[in-house]
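Heads up, the thing below is written out as structure tokens.
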Protein chains: 6
Amino acid sequence: MANGLTHLNERGEAHMVDVGGKDATRRRAVARAVLEAQPETVEAIIGGALKKGDALAVARIAGIMAAKKTADLIPLCHPIPLTKVEVEIIGEGVALVITASAETTGQTGVEMEALTAASVTALTLYDMAKAIDRGMTITNVQLVEKTGGKSGDYRRES
Amino acid sequence: MANGLTHLNERGEAHMVDVGGKDATRRRAVARAVLEAQPETVEAIIGGALKKGDALAVARIAGIMAAKKTADLIPLCHPIPLTKVEVEIIGEGVALVITASAETTGQTGVEMEALTAASVTALTLYDMAKAIDRGMTITNVQLVEKTGGKSGDYRRES
Amino acid sequence: MANGLTHLNERGEAHMVDVGGKDATRRRAVARAVLEAQPETVEAIIGGALKKGDALAVARIAGIMAAKKTADLIPLCHPIPLTKVEVEIIGEGVALVITASAETTGQTGVEMEALTAASVTALTLYDMAKAIDRGMTITNVQLVEKTGGKSGDYRRES
Amino acid sequence: MANGLTHLNERGEAHMVDVGGKDATRRRAVARAVLEAQPETVEAIIGGALKKGDALAVARIAGIMAAKKTADLIPLCHPIPLTKVEVEIIGEGVALVITASAETTGQTGVEMEALTAASVTALTLYDMAKAIDRGMTITNVQLVEKTGGKSGDYRRES
Amino acid sequence: MANGLTHLNERGEAHMVDVGGKDATRRRAVARAVLEAQPETVEAIIGGALKKGDALAVARIAGIMAAKKTADLIPLCHPIPLTKVEVEIIGEGVALVITASAETTGQTGVEMEALTAASVTALTLYDMAKAIDRGMTITNVQLVEKTGGKSGDYRRES
Amino acid sequence: MANGLTHLNERGEAHMVDVGGKDATRRRAVARAVLEAQPETVEAIIGGALKKGDALAVARIAGIMAAKKTADLIPLCHPIPLTKVEVEIIGEGVALVITASAETTGQTGVEMEALTAASVTALTLYDMAKAIDRGMTITNVQLVEKTGGKSGDYRRES
């Protein structure tokens, strides 16, 4: 382990760490991402939803599908059989707040799956609205909570 | 087009917009993402690099490979033959600043490719350091500049 | 060419045929698929849409994304830079009628992309409704029309 | 659950349903697809096989590989570790009849894997023969039988 | 460029090199791989082919499909629209000799596509025969020839 | 089973063999590949590493990520939840020696995962050095050892 980074061995080389000795337990993680945008942009996306536009559905589905691709995107992630994924998008003034949760019964946690789902949901919203608002910013991509596994539960304070 | 969102048709239904009539021109985009972390975490990642650890290389490569998967991740993105991708990571105190650039000669822009590269680079750094610092936040994911294409050049002000 | 099948060489071996000498022209294809189901199932899916449920959006997006994966699914298909994809779903009594269109400017046609989009849209509708109606049947998966390319235009008669 | 569709929550939003509480049991599904074609087309494909042409092998392998991609194609499908996949193609006059079976030991069924395998096998046959017969139709894509899991066994009547 | 390696910049960091200024020309590459095996193993594979077994077809198709995945496998490869791929397998005593060719009209060469096709064909043959011969060796994976592009033609001497 | 090849059924048709009845046990495999190159090429790659160039890291990561794609590349491989992957590259005069190991707790072995990781690592090194040395050869791709599973342990003699 180099510099306390578990994903590097004693020579500093990247490897996929051994989780073969860990128990397969129920694990869950929740992550958040925020898309800051002009009020008109938030309105266009949310309002689209009210008029049955697909904008929010496209973004939610992109996030769910991305959760399943996490091990293909993040080089040292283990492939995990997800048992549940959910993505919620709420409009709050000048921001869209995305909350993604992922669950598995496996040997390693699903933080990266939840974070990847939240990030890709935000990127997809950006893609759909970029023609009207190029200055949008994705911010506050963070782990909200995590349960299950030996390292203990975690809950972000704010 | 519903609510000004080009990716929805007049019935609000998502579609991949027609770019067949656009010229194939040289296009470039630069995006940024910032990973805020404890000073010790930034030091572990950057210091690992000084000692030839793979941490930064893993993250850069994840970003480059993710740029190539953009059309597979973002539902309404067109597949684009990227001609160049570059990812740079700089440590600045309590943050790692990621800059990703992408280029193509094609009928549509590469903003999403650059943003996806920056996001996945940040997620990969998070993955490698999460055992020592679960509170890291990815922030400031935004388009820095964009050139080429009919909609004109763009450069973020700050 | 064995038995008139262009995808097999004179020894009967599969190969990806040479399209390098063909012109890159504007090409378009439209395909159809029909999902036959109980009236209550059609109502649940379409009615869900009326109440802003995501069912139709999920299926449309699955079809669009599948079009982009065609060369990864169909072994001898050439990778094609799609310039447009659109999927439409209409409820008609005991059936949902799916129409998918795809376009490119390239050296080979997009029939398989349109057919793949229509098929995967139908499979996704099946997936969402299978808990209430296992007897659904996907039928009439066929090419409706095709334009562009040297082999000439095609339009299905009925 | 909206309109009885398990894949939508009470707000009508798509999610990947929670199967974490279900038992991992042996599950099996069989699906069918039929490719209707001109007699000469069926003969070209089947005859190719007699002369050691690869046509049927290409289609069978495409179906097997597609079964493994099901969760990547169908947005709300859970990733499943398939333990067996088999695809059979039989020529019957003006039709090729495809039967695909899939098995797993897991928390959810494999109907979609069998149906996806059958569909992609049919699409691959279409691709190989489309230069000689554009009017082919894929029909009768349906679940033949399903065993294992709490929802009980199913066997299609005809 | 570090140490003459074009894929590393002056700081030694990996990047996808800029090919945007290169001409799109016709390019072709041929690669080879050899699978050394027990005579009985070679016989089982080739003999299977004589009896219409799928062994060679499976391996050829795996190679063709792998060529299309090259940019997804090799981190710094550019995505390339392949216009032709062909894989040939010949049994020679205690070896199976694989020859793979790839073509494109693009801004960069297809050596890696041909080499990837040859390698994956060999790995697939290994997979099918490993239950009867675990000691097989893949050897002589090399570029046979390359035409097109500014760096000039290449033809391996032996 | 045709000709002793387990992956073909009695009619010679390819199928993904049934492993549903096998126990999920701890399994491990180690594979090797050698890249023969000019001494200057080996020096450029290894020396780059000494100067913190990314060459070896890129290749190691490509190998690790390829291990996770094995079931997508090798048509009849079962999808396997890898619990560990490691790739080591050592320079020895005119060769780079790659050793890849893979582990799982599953119903089938991980030989193909280890062999795929070693092969793709070698192909990636080839890609990065091909501009200075087109004559490189990948050789000695072979299984070094295998433990776990009913077929018994295996260790290559030399």
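The values are calculated or read from the model by the stated rules, or taken from the named source; none is laboratory data. In this text, all values refer to a predicted model and were calculated from it rather than measured experimentally. Here the Cβ is made from the backbone with ideal geometry for all residues, glycine too, and neighbour counts use every protein chain on show.
A few points about this structure:
- Of all residues in the stretch C:63-84, those that are hydrophobic (A, V, I, L, M, F, W, C) and more than 9 Å from chain B (Cβ to nearest Cβ) total 6.
- Cβ separations smaller than 7 Å between residues 6+ apart or across chains give the following pairs from the stretch F:13-33 residues that are at the interface with another protein chain (Cβ under 7 Å from one of its Cβ atoms) to residues that are in a strand (DSSP E or B) and modelled with pLDDT under 95: F:Ala14/F:Leu8; F:Gly20/D:Arg26; F:Gly20/D:Thr105; F:Arg26/F:Thr105.
- The stretch C:9-32: number of residues that are surrounded by 15 or more Cβ atoms within 10 Å (Cβ to Cβ) and more than 25 Å from E:Arg27 (Cβ to Cβ): 6
- Looking across the stretch F:58-105 at every residue that is in a loop (DSSP other than H, G, I, E, B) and among the β-branched types (Val, Ile, Thr), the one that is farthest from the chain's Cα centre (by Cα) is identified as F:Val94.
- For the stretch E:130-139, a residue qualifies if it is of a type in the set (Gly, Ala, Ser) and either buried (at least 17 other Cβ atoms within 10 Å of the Cβ) or modelled with pLDDT of 95 or more (or both), and exactly one does: E:Gly135.
- Checking each residue of the stretch C:122-139 against the condition of being basic (Lys, Arg) and in contact with a helix residue (DSSP H, G or I) (Cβ under 7 Å, 6 or more places away or on another chain) gives at least one match.
- Residue tally, condition assigned to a loop (DSSP other than H, G, I, E, B) and among the small types (Gly, Ala, Ser), over the stretch F:16-41: 4
- B:Gly93 in contact (Cβ under 8 Å) with a residue 12 or more places away in the chain and on the phi > 0 side of the Ramachandran plot: yes
- Tallying residues that are modelled with pLDDT of 95 or more and surrounded by fewer than 23 Cβ atoms within 10 Å (Cβ to Cβ) within the stretch B:102-129 yields 0.
- Subset of the stretch F:49-63 [surrounded by fewer than 24 Cβ atoms within 10 Å (Cβ to Cβ) and either under 30 Å from D:Val85 (Cβ atoms) or in contact with a Gly (Cβ under 7 Å, 6 or more places away or on another chain) (or both)]: F:Lys51, F:Lys52
- Residues of the stretch A:10-49 classified as modelled with pLDDT under 90 and closer than 15 Å to B:Val58 by Cβ, total: 2
- Among residues of the stretch B:87-106, those that are farther than 19 Å from E:Gly20 by Cβ and among the β-branched types (Val, Ile, Thr), counted: 5
- Residues of the stretch F:106-123 that are among the β-branched types (Val, Ile, Thr) and in a helix (DSSP H, G or I): F:Thr116, F:Val120, F:Thr121.
- Subset of the stretch D:140-158 that is touching a helix residue (DSSP H, G or I) at 6+ places or on another chain (Cβ under 9 Å) and touching a residue at least 40 places away in the same chain (Cβ under 8 Å) - its residue that is surrounded by the fewest Cβ atoms within 10 Å (Cβ to Cβ): D:Val144
- Of all residues in the stretch C:91-99, none satisfies being among the hydroxyl-bearing types (Ser, Thr, Tyr) and surrounded by 24 or more Cβ atoms within 10 Å (Cβ to Cβ).
- Residue under evaluation B:Thr6, criteria (1) modelled with pLDDT of 90 or more; (2) surrounded by 15 or more Cβ atoms within 10 Å (Cβ to Cβ), criterion not met: (1)
- Residue in the stretch B:33-45 that is polar (S, T, N, Q), surrounded by 21 or more Cβ atoms within 10 Å (Cβ to Cβ) and within 11 Å of the chain's Cα centre (by Cα) present: no
- Any hit, the stretch A:79-95, residues being of a type in the set (Asp, Glu) and touching a strand residue (DSSP E or B) at 6+ places or on another chain (Cβ under 8 Å): yes
- Flag for A:Val87 being more than 9 Å from chain B (Cβ to nearest Cβ), at negative phi and buried (at least 24 other Cβ atoms within 10 Å of the Cβ): yes
- Selection from the stretch E:106-144 of residues that are closer than 16 Å to F:Thr139 by Cβ, within 14 Å of the chain's Cα centre (by Cα) and at the interface with another protein chain (Cβ under 7 Å from one of its Cβ atoms): E:Leu115, E:Ser119, E:Leu123, E:Ile138, E:Thr139, E:Asn140, E:Val141, E:Gln142, E:Leu143
- So C:Lys84, is it within 30 Å of E:Ile89 (Cα to Cα), charged (D, E, K, R) and modelled with pLDDT of 95 or more: no
- Residue count for the stretch F:124-156, restricted to those that are outside any loop (DSSP other than H, G, I, E, B) and on the phi < 0 side of the Ramachandran plot: 18
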